[in-house]
Amino acid sequence: MEAKNGLELPLGFGLALKQNPGADTLFSSMSAAQQRAVIHGTHYIHSDEDMRAYVARLGQQELYH
C-alpha cells in the first residue's frame, strides 16, 4: 500500500485505515508532507489497539488540531 509520492504505508496502519473510511478519506486528501508526518507517527506504535486509536484520532482530525 502506498501514499502520495510512493511513500510505503506500514502494514498495520494501512489495515487500520481501510477499517476507518473517514480516516482513509482524510489521509488520501492530505499533502505528501502531511502524509509523511502521519506515517512517521506510526513508527512509535506497537500494538493493533494503539494503531486503531491513532487512526481513529486521524479520522476525527485530532492529529492536526
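The values are calculated or read from the model by the stated rules, or taken from the named source; none is laboratory data. Only a predicted model underlies this, so the values are computations on that prediction, with no experimental measurement involved. Don't worry about glycine lacking a Cβ; one is built from the backbone with ideal geometry, like all the others, and counts go over all protein chains shown.
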TODO: Return the residue satisfying two criteria in turn: it lies in the stretch 14-56 and is of a type in the set (D, E, K, R) and either closer than 16 Å to Ala3 by Cα or surrounded by 15 or more Cβ atoms within 10 Å (Cβ to Cβ) (or both), and of such residues it is nearest to the chain's Cα centre (by Cα).
DONE: Asp24
TODO: Count, please, the residues in the stretch 23-65 that happen to be closer than 12 Å to Phe13 by Cα, of a type in the set (A, V, I, L, M, F, W, C) and either touching a Ser or Thr at 6+ places or on another chain (Cβ under 6 Å) or part of a helix (DSSP H, G or I) (or both).
DONE: 9
Open item on the list: Taking the criterion of being at pLDDT below 95 and polar (S, T, N, Q), would at least one residue in the stretch 36-56 satisfy it?
Closed with: no
